[in-house]
Amino acid sequence: AQKITQTQPGMFVQEKEAVTLDCTYDTSDQSYGLFWYKQPSSGEMIFLIYQGSYDEQNATEGRYSLNFQKARKSANLVISASQLGDSAMYFCAMRDLFSGSARQLTFGSGTQLTVLP
Amino acid sequence: KAGVTQTPRYLIKTRGQQVTLSCSPISGHRSVSWYQQTPGQGLQFLFEYFSETQRNKGNFPGRFSGRQFSNSRSEMNVSTLELGDSALYLCASSLTDSYNEQFFGPGTRLTVL
(Lines give C-alpha, C1' and ligand atoms only; values in the text may rest on other atoms or scores of the structure.)
Protein backbone atom coordinates (compact mmCIF):
# COMPACT_ATOMS: atom_id res chain seq x y z
CA ALA A 1 0.00 0.00 0.00
CA GLN A 2 1.12 3.53 -0.70
CA LYS A 3 1.01 6.38 1.77
CA ILE A 4 1.73 10.10 1.40
CA THR A 5 2.38 12.31 4.42
CA GLN A 6 2.23 16.09 4.37
CA THR A 7 3.00 17.35 7.87
CA GLN A 8 2.34 21.06 7.29
CA PRO A 9 -1.40 21.81 7.40
CA GLY A 10 -0.71 25.49 6.75
CA MET A 11 2.20 27.62 5.62
CA PHE A 12 2.73 31.36 5.25
CA VAL A 13 5.29 32.98 2.96
CA GLN A 14 6.08 36.57 2.07
CA GLU A 15 5.56 37.58 -1.54
CA LYS A 16 8.71 37.11 -3.69
CA GLU A 17 10.29 34.70 -1.19
CA ALA A 18 10.83 30.98 -1.72
CA VAL A 19 8.90 28.32 0.17
CA THR A 20 9.30 24.56 0.61
CA LEU A 21 6.32 22.28 1.08
CA ASP A 22 7.18 18.93 2.62
CA CYS A 23 6.09 15.52 1.36
CA THR A 24 7.22 12.09 2.48
CA TYR A 25 5.97 8.85 1.03
CA ASP A 26 5.96 5.16 1.74
CA THR A 27 5.70 2.44 -0.87
CA SER A 28 7.01 -1.03 -1.60
CA ASP A 29 6.84 -0.40 -5.33
CA GLN A 30 10.11 -0.20 -7.23
CA SER A 31 8.82 2.08 -9.94
CA TYR A 32 6.58 4.97 -9.03
CA GLY A 33 5.75 8.53 -9.91
CA LEU A 34 5.41 11.53 -7.63
CA PHE A 35 3.16 14.48 -8.42
CA TRP A 36 2.30 17.87 -7.02
CA TYR A 37 -1.07 19.48 -7.61
CA LYS A 38 -2.40 22.93 -6.72
CA GLN A 39 -6.03 23.38 -5.75
CA PRO A 40 -7.31 26.98 -5.60
CA SER A 41 -10.53 27.76 -3.75
CA SER A 42 -12.43 27.14 -7.00
CA GLY A 43 -11.75 23.42 -6.54
CA GLU A 44 -9.97 22.47 -9.75
CA MET A 45 -6.77 20.44 -9.34
CA ILE A 46 -3.91 21.93 -11.36
CA PHE A 47 -0.94 19.72 -12.22
CA LEU A 48 2.36 21.35 -11.27
CA ILE A 49 5.24 18.90 -11.54
CA TYR A 50 6.14 15.22 -11.91
CA GLN A 51 9.12 13.14 -10.77
CA GLY A 52 9.72 9.52 -11.70
CA SER A 53 11.43 7.27 -9.20
CA TYR A 54 14.17 6.45 -11.70
CA ASP A 55 14.80 10.05 -12.68
CA GLU A 56 18.22 11.02 -11.41
CA GLN A 57 17.73 14.75 -11.76
CA ASN A 58 15.22 16.78 -9.80
CA ALA A 59 12.27 17.93 -11.88
CA THR A 60 11.75 21.62 -12.55
CA GLU A 61 8.85 23.49 -14.14
CA GLY A 62 9.26 27.24 -14.17
CA ARG A 63 9.12 28.47 -10.58
CA TYR A 64 8.43 24.97 -9.29
CA SER A 65 11.09 22.42 -8.49
CA LEU A 66 10.86 19.07 -6.80
CA ASN A 67 13.55 18.18 -4.27
CA PHE A 68 13.60 14.39 -4.63
CA GLN A 69 15.55 12.41 -2.03
CA LYS A 70 14.85 8.76 -2.75
CA ALA A 71 16.72 7.29 0.21
CA ARG A 72 14.76 9.51 2.59
CA LYS A 73 11.53 8.95 0.63
CA SER A 74 10.86 12.63 0.39
CA ALA A 75 9.60 14.74 -2.51
CA ASN A 76 9.43 18.34 -1.35
CA LEU A 77 8.02 21.08 -3.57
CA VAL A 78 9.99 24.31 -3.79
CA ILE A 79 8.24 27.41 -5.08
CA SER A 80 10.58 30.26 -5.88
CA ALA A 81 9.60 33.93 -5.96
CA SER A 82 6.14 33.38 -4.46
CA GLN A 83 3.23 35.31 -5.95
CA LEU A 84 -0.13 36.19 -4.43
CA GLY A 85 -1.76 33.84 -6.94
CA ASP A 86 0.17 30.93 -5.40
CA SER A 87 -2.16 31.00 -2.38
CA ALA A 88 -3.94 27.65 -2.57
CA MET A 89 -4.00 24.10 -1.23
CA TYR A 90 -1.11 21.96 -2.44
CA PHE A 91 -1.30 18.19 -2.67
CA CYS A 92 1.48 15.67 -3.04
CA ALA A 93 0.45 12.43 -4.76
CA MET A 94 1.99 9.23 -6.04
CA ARG A 95 1.15 6.20 -8.11
CA ASP A 96 2.71 2.92 -9.09
CA LEU A 97 3.94 3.05 -12.67
CA PHE A 98 3.80 -0.60 -13.65
CA SER A 99 0.79 -2.37 -12.23
CA GLY A 100 -2.91 -2.94 -12.79
CA SER A 101 -3.61 0.15 -10.71
CA ALA A 102 -1.44 2.27 -12.96
CA ARG A 103 -3.67 5.34 -13.01
CA GLN A 104 -4.72 5.45 -9.37
CA LEU A 105 -3.28 8.42 -7.49
CA THR A 106 -2.76 8.33 -3.72
CA PHE A 107 -2.93 11.83 -2.24
CA GLY A 108 -1.58 13.41 0.90
CA SER A 109 -3.73 15.55 3.19
CA GLY A 110 -2.51 18.79 1.64
CA THR A 111 -0.82 22.02 2.74
CA GLN A 112 -2.69 25.33 2.66
CA LEU A 113 -0.23 27.96 1.43
CA THR A 114 -0.92 31.64 2.02
CA VAL A 115 1.25 34.25 0.32
CA LEU A 116 1.38 37.54 2.21
CA PRO A 117 1.78 40.89 0.40
CA LYS B 1 -8.36 23.03 -26.55
CA ALA B 2 -11.17 22.61 -24.04
CA GLY B 3 -10.29 21.16 -20.66
CA VAL B 4 -12.11 18.53 -18.67
CA THR B 5 -15.71 19.51 -18.10
CA GLN B 6 -17.99 18.27 -15.36
CA THR B 7 -21.71 18.74 -15.04
CA PRO B 8 -23.45 19.81 -13.01
CA ARG B 9 -21.11 21.99 -10.98
CA TYR B 10 -23.37 22.03 -7.93
CA LEU B 11 -26.05 19.63 -6.82
CA ILE B 12 -28.31 19.36 -3.80
CA LYS B 13 -30.07 16.08 -3.08
CA THR B 14 -31.84 14.49 -0.13
CA ARG B 15 -31.03 11.22 1.60
CA GLY B 16 -32.22 8.17 -0.28
CA GLN B 17 -32.18 9.80 -3.69
CA GLN B 18 -29.80 8.87 -6.46
CA VAL B 19 -27.56 11.13 -8.51
CA THR B 20 -25.66 10.98 -11.80
CA LEU B 21 -22.58 13.08 -12.45
CA SER B 22 -21.05 13.58 -15.87
CA CYS B 23 -17.47 14.08 -17.03
CA SER B 24 -16.26 14.95 -20.51
CA PRO B 25 -12.51 14.40 -20.88
CA ILE B 26 -10.17 16.42 -23.02
CA SER B 27 -10.64 15.58 -26.69
CA GLY B 28 -8.58 12.51 -27.55
CA HIS B 29 -8.17 11.39 -23.96
CA ARG B 30 -9.34 7.85 -23.34
CA SER B 31 -8.67 7.37 -19.62
CA VAL B 32 -11.02 8.83 -17.02
CA SER B 33 -10.64 8.57 -13.26
CA TRP B 34 -12.98 9.70 -10.50
CA TYR B 35 -12.07 10.93 -7.02
CA GLN B 36 -14.08 11.93 -3.99
CA GLN B 37 -12.82 14.80 -1.83
CA THR B 38 -14.15 15.40 1.69
CA PRO B 39 -12.73 17.42 4.60
CA GLY B 40 -12.52 14.29 6.75
CA GLN B 41 -11.18 11.69 4.32
CA GLY B 42 -9.34 13.89 1.86
CA LEU B 43 -8.99 12.76 -1.75
CA GLN B 44 -9.95 9.16 -2.37
CA PHE B 45 -9.91 7.19 -5.62
CA LEU B 46 -13.28 5.93 -6.80
CA PHE B 47 -12.68 4.23 -10.14
CA GLU B 48 -10.92 4.46 -13.46
CA TYR B 49 -12.14 3.77 -16.97
CA PHE B 50 -10.18 3.20 -20.13
CA SER B 51 -11.78 2.42 -23.48
CA GLU B 52 -15.17 1.80 -21.86
CA THR B 53 -13.75 -0.72 -19.39
CA GLN B 54 -13.41 -0.25 -15.66
CA ARG B 55 -9.75 -0.87 -14.92
CA ASN B 56 -9.72 -0.29 -11.20
CA LYS B 57 -12.08 0.50 -8.34
CA GLY B 58 -11.41 2.08 -4.98
CA ASN B 59 -12.77 1.00 -1.61
CA PHE B 60 -16.30 2.32 -1.94
CA PRO B 61 -19.63 0.54 -1.47
CA GLY B 62 -21.59 -0.80 -4.40
CA ARG B 63 -23.86 2.27 -4.29
CA PHE B 64 -21.12 3.98 -6.25
CA SER B 65 -20.97 2.94 -9.89
CA GLY B 66 -19.78 4.36 -13.15
CA ARG B 67 -19.47 3.81 -16.84
CA GLN B 68 -17.68 5.17 -19.86
CA PHE B 69 -19.12 5.68 -23.31
CA SER B 70 -17.54 5.15 -26.71
CA ASN B 71 -16.73 8.86 -26.96
CA SER B 72 -14.80 8.57 -23.64
CA ARG B 73 -17.36 10.59 -21.70
CA SER B 74 -17.96 9.10 -18.29
CA GLU B 75 -20.74 9.11 -15.75
CA MET B 76 -20.80 8.12 -12.14
CA ASN B 77 -23.91 7.22 -10.22
CA VAL B 78 -24.56 7.15 -6.52
CA SER B 79 -27.71 5.42 -5.39
CA THR B 80 -29.46 5.69 -2.02
CA LEU B 81 -27.58 8.83 -1.05
CA GLU B 82 -26.29 9.22 2.50
CA LEU B 83 -25.27 12.39 4.32
CA GLY B 84 -21.65 11.24 4.16
CA ASP B 85 -21.74 11.30 0.37
CA SER B 86 -21.60 15.10 0.48
CA ALA B 87 -18.31 15.88 -1.23
CA LEU B 88 -16.51 17.38 -4.17
CA TYR B 89 -16.35 14.78 -6.94
CA LEU B 90 -13.40 15.27 -9.26
CA CYS B 91 -12.88 13.73 -12.65
CA ALA B 92 -9.46 13.41 -14.27
CA SER B 93 -8.54 12.48 -17.82
CA SER B 94 -5.33 11.39 -19.48
CA LEU B 95 -4.25 10.65 -23.03
CA THR B 96 -3.61 6.93 -22.66
CA ASP B 97 -3.35 4.50 -19.80
CA SER B 98 0.40 4.98 -19.64
CA TYR B 99 0.65 8.76 -19.85
CA ASN B 100 1.72 10.27 -16.57
CA GLU B 101 -0.12 13.55 -16.40
CA GLN B 102 -3.78 13.59 -15.37
CA PHE B 103 -5.86 16.68 -16.05
CA PHE B 104 -8.61 17.40 -13.57
CA GLY B 105 -11.97 19.02 -14.10
CA PRO B 106 -13.49 21.69 -11.82
CA GLY B 107 -15.49 19.11 -9.91
CA THR B 108 -19.12 18.64 -8.94
CA ARG B 109 -20.00 19.72 -5.44
CA LEU B 110 -22.72 17.41 -4.10
CA THR B 111 -24.63 18.28 -0.96
CA VAL B 112 -26.89 15.66 0.59
CA LEU B 113 -29.52 16.97 3.01
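The values are calculated or read from the model by the stated rules, or taken from the named source; none is laboratory data. Values in this document were obtained by computation on a predicted structure and should not be read as measured data. When we count neighbours, we look across all protein chains shown, and the Cβ atoms used for this are built from the backbone with ideal geometry, even at glycine. Each accessible area value is taken on the protein alone, full model and side chains, heavy atoms only, with ligands, DNA and RNA left out. Shrake-Rupley method; radii C 1.70, N 1.55, O 1.52, S 1.80 Å.
Counted residue by residue at 0.36 nm each, then reduced by the alpha carbon distance between them, the extension gain from A:L84 to A:S109 reaches 6.8 nm. Straight-line cross-link partners of A:K3 among the lysines, defined as a Cα under 25 Å from its Cα and at least 8 positions apart when in the same chain: A:K38, A:K70, A:K73, B:K57.
Determine which residues of segment A:76-94 fall in the zone a paramagnetic label at A:R63 would reach in this model, i.e. backbone nitrogen under 20 Å from the point 7 Å along Cα→Cβ. Zone members listed by number: A:76-92. A simple spin-label model places pseudo-atoms 7 Å from Cα toward Cβ; at A:E56 and A:Q8 they are separated by 3.0 nm. Here the accessible area is traced with a 1.4 Å probe on the protein chains. For the protein assembly as shown, carbon and sulfur cover 49 percent of it.
Placing R0 at 25 angstrom, the Cβ-Cβ distance between B:T53 and A:S31 gives a FRET efficiency of 0.60 after rounding to 0.05.
Percent relative contact order of chain B, based on C-alpha pairs within less than 8 angstrom and at least six residues apart? Kindly include the intermediate steps, with their values, before the conclusion.
Numbers: 290 pairs, mean separation 41.4, N = 113.
Here the relative contact order equals 37 percent.
A 1.4 Å probe run over the protein chains yields, for segment B:7-113, 46 Å² of accessible area per residue, whole-number rounding. Buried accessible surface for the B/A chain pair comes to about 1700 Å², total over both chains, computed with a 1.4 Å probe.
Extending 7 Å from Cα along the Cβ direction at A:E17 and again at B:L83 yields two label points whose distance is 4.2 nm.
Over the Cα atoms of chain A, the radius of gyration divided by the Kirkwood radius equals 0.96; this is the Rg/Rh ratio. Under Stokes-Einstein, with the Kirkwood radius over Cα pairs as Rh, the value for the protein assembly as shown at 10 °C and 1.306 mPa s is 87 µm²/s.
Between B:T111 and B:A2, what is the FRET efficiency for a Förster distance of 30 Å, r being their Cβ-Cβ separation, to the nearest 0.05?
The formula returns an efficiency of 0.65 here.
For chain A, set up a Gaussian network in which alpha carbons nearer than 10 Å are linked by springs, and say which option among A:S87, A:S31, A:S42 fluctuates the most. Its mean-square fluctuation being the largest, the pick is A:S42. The mean count of C-beta atoms from other chains within 10 Å of the C-beta of residues in B:35-46, rounded to a whole number, is 3.
In terms of the Cα gyration tensor, with a ≥ b ≥ c the square roots of its eigenvalues, is segment A:38-105 rounded because a/c is under 1.5, prolate because a/b exceeds b/c, or oblate? Note, shape of segment A:38-105 comes out oblate. Normalised per residue, the accessible area of chain A is 47 Å², obtained with a 1.4 Å probe and no contribution from ligands, DNA or RNA. Dimensions of segment B:1-84 based on its C-alpha atoms, expressed as ranges along the principal axes with the largest first, amount to 36, 25, 22 Å. When both segment A:22-81 and segment B:3-82 are represented by their alpha-carbon centers, they are found 26 Å apart.
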